[in-house]
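Working notes for the structure below.
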Amino acid sequence: MWNKTTEMSQVRESETPEDRVVEILSRLPPKSLMRFKCIRNSWCTLINRPSFMTKHLSNSVDNKLSSSTCILFNRSQAQVFPDKSWKQEIFWSMINLSIDSDEHSLHYDVEDLNIPFPLEDHDFVQIYGYCNGIVCVTAGKNGLLCNPATGEFRQLPDSYLLLPSPPKGKFELETRCRALGFGYDCKAKQYKVVQIIENCEYSDDERTYYHRIAHPHTAEVYTTTANSWKEIKIDISSKTYHCSCPVYLKGFCYWYATDGEEYVLSFDLGDEIFHRIQLPYRRENSLKFYYIFLRNESLASFCSRYNQSGDSLLSEIWVMNDYDGVKSSWTKLLTVGPLQGIEKPLTFWKTDELLMLASDGRATTYNSCIGNLKYLHIPPILNRVVDFQALTYLKSIVPLK
């Protein structure tokens, strides 16, 4: 009788030794593969094949359903010297989190990453997007694509729209990056970076020292294949003064934005068109939306309010339903808290486990089902964290070329 076992057996018999090597290697972590490339030329050739990279990425995506979840942390703090000079200290770590299903106990191990970012003393490192193991960051004035799992870098070319800062005291056009996004264009099969530029100029005014004149925003897109920027159309209010929390999901980049009213700004990486998405409003409870992040394969928004004493945070998390670039709707997922000493959420790492940032700079994990809050020890312990970012990370060998 023909059955699935017979079919699987015949598939195995038809496999060549190379097929078996591919199958084994494609399930190994990137760090091991980088070492194996130096052992054999044939393995180096194999690992560099686009088909192998695609297979390895596919296996890595499947492993996201495993019991362990990898989180990438970006932290920084100011180091002050006796002469009162200072510089930023940047710490990147990967932490593997898992929960014992029988005992419901939390296990984690931390791997510190030594990434040689090109930094000046006062420079920050900010994450502005993530997709398939590649992270888009700014390191000081430099825009970079980085694969933390392989240690590979690619510096972005200079923008066409960002102008050098005018000399002090001169009233000339001033340009400033207001938002960056990064993701994969499934239609063109390439990675893209999108940048939104705020433009303004200053003129003499007898009543004040200067008068600020806002001009329309501009935008540009960088593609990895062309390794260059091109200007694109954008139509958002010149009053938009805040775009943050960049998120990539299913061909779209998203930002939390405000222009007097909070909303989500989306960008279709395929059509290269911007859209405005309304947030669910709960003003009757004085809940303020100010953060977006990923929850599994959905966009989530976070709103909160403090109690009357100002020491406990009551939060709601809403999830956006399927978005096609035109229509969207939101569903309330859960209420968190009230919690003391919690500043904001970072990301969901399990369906009911929310990674959060405490007001003292420590990372915590919160189980929304049982209301249990646990602090995570991520060395080095920072007494004063200037910035803290976290994302659920997929280790890959996707190249930056």
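Please treat every number below as a calculation from the coordinates, not as lab data. Just so we're clear, the structure is a prediction, and the values are computed from it rather than from any experiment. Glycine gets a Cβ as well: all are built from the backbone with ideal geometry, and neighbour counts include every protein chain shown.
Relative to the present Cα-Cα distance, how much length would full extension add between H377 and N142 at 0.36 nm per residue of separation?
Taking 0.36 nm per residue and subtracting the Cα distance, the gain is 81.5 nm.
A simple spin-label model places pseudo-atoms 7 Å from Cα toward Cβ; at T54 and T225 they are separated by 1.4 nm. Using the Cβ-Cβ distance between R35 and H215 with R0 set to 56 Å, the FRET efficiency works out to roughly 0.60. Sorting W330, W92 by the number of Cβ atoms found within 10 Å of their own Cβ, with the fewest placed first, yields W330, W92.
Take F182, F388 and order them by how many other Cβ atoms sit within 10 Å, fewest up front.
F388, F182
Listed from fewest to most Cβ neighbours within 10 Å, the set T175, T45 follows the order T45, T175.
Once the chain from R27 to L161 is taken as fully extended at 0.36 nm per residue, the excess over their C-alpha distance is 44.0 nm. Residue by residue, region 351-367 carries 3J(HN,Hα) couplings of 3, 10, 10, 10, 7, 10, 10, 7, 5, 8, x, 8, 8, 9, 10, 10, 8 Hz when phi is fed to the Karplus relation 6.51 cos²θ - 1.76 cosθ + 1.60 (θ = phi - 60°); x denotes Gly or Pro. Looking at region 132-201, the GluC sites (Glu not before Pro) that sit in a DSSP loop and have at most 15 other Cβ atoms within 10 Å of their own Cβ are E172.
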